[in-house]
Amino acid sequence: MLERLAEVDRDFIKSKVQQGYYTSEIELVRDAVRKMREEDERQKRLDPLRALVMVGHEQAVKGEVVAYTDDFAVKAMEQALKNHQDGTPIKDEVKP
């Protein structure tokens, strides 16, 4: 398996096994793949947040903003609590 990798990668893998971080080369590869899958999942969970940030950025560029004041925060919290008590679902208007 390692023969298909660049020499620098083979040396790195072998050194990690020799140093005792992994019991075998395949264990290191499995760990690397697992970490890559976990990172992919983290990135997927962040996609909706990124989409919302982009909407906010586009609105700010257009001047479509509301100043964040203590009064605004209180009103927003009151509305959120009312929506929750009324069972109003969260609007999912942003599609990533």
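Run through all the Cα pairs of the stretch 2-65 and give the fraction in each 10 Å bin from 0, expressed as whole percent.
19, 27, 18, 15, 13, 7
Under unit Cβ charges (Lys, Arg +1; Asp, Glu -1), what dipole magnitude, rounded to 20 debye, does the chain have relative to its Cα centre? Could you put the intermediate results ahead of the total?
Values: 17 positive and 20 negative charges, 39 e Å.
Once rounded to the nearest 20, the dipole reads 180 debye.
For the chain, what is the mean residue ellipticity at 222 nm derived from helices alone (per DSSP H run of n ≥ 4: -39500 (n - 2.57); sum divided by total residues; nearest 500 deg cm²/dmol)?
Numbers: 3 runs with 66 residues, N = 96.
Using -39500 (n - 2.57) per qualifying helix, the result is -24000 deg cm²/dmol.
Under 24 Å between C-alpha atoms is the cut-off here; go through the chain and count lysine pairs that meet it, provided they're at least eight residues apart or on different chains.
Total qualifying Lys-Lys pairs in the chain comes to 10.
Which loop trypsin sites (Lys or Arg not before Pro) in the stretch 1-88, with loop taken from DSSP, have no more than 12 other Cβ atoms within 10 angstrom of their Cβ?
Passing sites in the stretch 1-88 are Lys62.
List the relative contact order of the chain as a percent without decimals, with contacts defined as Cα pairs under 8 Å and 6+ residues apart. Mind dumping the intermediate values first?
Values: 22 pairs, mean separation 23.3, N = 96.
Reported relative contact order: 24 percent.
Exactly which GluC sites (Glu not before Pro) in the stretch 1-85 are in a DSSP loop and have at most 16 other Cβ atoms within 10 Å?
Details: sites: Glu3, Glu7, Glu25, Glu27, Glu38, Glu39, Glu41, Glu58, Glu64, Glu78; in loops: Glu64.
Loop-located and lightly packed - Glu64.
No value in this document is a laboratory result; all are computed from the given coordinates. As the structure is a computational prediction, the values presented were derived from the model and not from experiment. FYI the Cβ positions are ideal-geometry reconstructions off the backbone, even for glycines, and counts take in every protein chain you see.
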